[in-house]
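The values are calculated or read from the model by the stated rules, or taken from the named source; none is laboratory data. Computed from a predicted model, the values in this text were never measured in an experiment. Cβ placement follows ideal geometry from the backbone for every residue including glycine, while neighbour counts extend to all protein chains displayed. Side chains included, ligands, DNA and RNA excluded: accessible areas come from the protein's heavy atoms. Shrake-Rupley method; radii C 1.70, N 1.55, O 1.52, S 1.80 Å.
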Amino acid sequence: MDSAALETRYRQVLARIRGAEQVAGRLPGEVRLIAVSKRHPAAAVYHLMRLGQRHFGESYVQEAVDKMAELAELPLCWHFIGPIQSNKTRQIAAHFDWVHSLDREKIAARLNAQRPDHLPPLRVLLQVNVSGEAQKAGVAPERLPDLARAVLELPRLQLMGLMALPRKTRDPARQAAAFAAVVAARQGLNRELDLELPDLSMGMSGDLEAAIAQGATWVRVGEDIFGPRG
Ligand SMILES: *Cc1c(COP(=O)(O)O)cnc(C)c1O
């Protein structure tokens with residue numbers, strides 16, 4: 001690990017976020033960064049923590065739990081952002097603070113039942129599929145109210161908002177359209193269920209500016225901080 005290069009890239013990403021907040025007329029610090037550390041070692045997480053980074057994202061449960069064990073007792077906040085298999089819910093419920101990729105009632109029920117009593121409710125975001133690709137994770141916008149109603153019944157989960165992972169494109173107009181669709185999905189959900197869900201998790205290395213312009217509250221950045229994943 002080249003810690004000087006890591007620090008440089010990290011500061012560049014923070015500057016991009018601040019710049020995008022400014023351009024969008026948003027308050028400084030309104031958008032929070034999740035450093036996506038999947039397939040990067042605990043030492044890199046530790047280094048970023050020393051620079052002030054607190055939120056980290058992981059997609060693979062076993063890798064994440066091993067890394068957390070190396071970093072135990074540190075003031076870190078862990079976000080699960082990957083596809084959720086039923087046989088992994090117990091570990092997710094026990095080790096993570098947030099889950100961004102919830103898209104099925106059955107998984108919600110398991111996370112609720114398995115969230116340990118000594119921890120606060122697990123904060124969850126519903127993953128919405130705004131690209132309409134059949135094989136992609138996430139619920140269709142029209143199915144959001146049913147899933148949200150089910151989650152709101154579960155006392156050990158706290159519904160915070162929506163997450164999206166739109167098809168990658170370098171076309172700023174397409175990026176904006178996809179993120180605007182997520183905002184519209186939240187608006188529709190808030191209206192139908194009389195909610196005020198605060199969070200939108202959207203924007204990655206290649207499209208964080210577009211996401212911030214549309215209202216992201218969390219951006220999830222991997223490669224532009226840690227470099228390419230092997
Ligand atoms: C890997 C991943 C990211 C980070 O992607 P980069 O292109 O490396 O910034 C963000 N969100 C999810 C859901 C991911 O799986």
> Mind checking which residues of segment 178-213 are among the hydrophobic types (A, V, I, L, M, F, W, C) and farther than 16 Å from Ala24 by Cβ?
Replying inline: Ala178, Ala181, Ala184, Ala185, Leu189, Leu193, Leu195, Leu197, Met204
> Which one is nearest to the ligand (Cβ to nearest atom) among residues in segment 152-171 that are surrounded by fewer than 19 Cβ atoms within 10 Å (Cβ to Cβ) and more than 26 Å from Gly206 (Cβ to Cβ)?
Replying inline: Gln158
>> Which residue is nearest to the ligand (Cβ to nearest atom), if the candidates are limited to segment 211-230 and must be open to solvent by 10 Å² or more (accessible area, probe 1.4 Å) and closer than 12 Å to Val182 by Cβ?
In response: Thr217
> Being open to solvent by less than 10 Å² (accessible area, probe 1.4 Å), touching a Pro at 6+ places or on another chain (Cβ under 9 Å), modelled with pLDDT of 95 or more and polar (S, T, N, Q), is that true of even one residue in segment 114-133?
Replying inline: no
> Which one of Ala178, Ala140 is away from the ligand (no atom under 16 Å from the Cβ) and among the small types (Gly, Ala, Ser)?
Replying inline: Ala140
> Which one is least open to solvent (accessible area, probe 1.4 Å), of the residues in segment 81-102 that are under 23 Å from Leu51 (Cβ atoms) and free of Cβ contacts under 8 Å to residues at least 40 places away in the same chain?
Replying inline: Phe96
>> Anything in segment 177-230 that is within 23 Å of Gly52 (Cβ to Cβ) and assigned to a helix (DSSP H, G or I)? List them, or say none.
In response: Leu208, Glu209, Ala211, Ile212, Glu223, Asp224, Ile225, Phe226
>> Of everything in segment 176-204, what is open to solvent by 20 Å² or more (accessible area, probe 1.4 Å) and among the hydroxyl-bearing types (Ser, Thr, Tyr)? Give them in sequence order.
In response: none
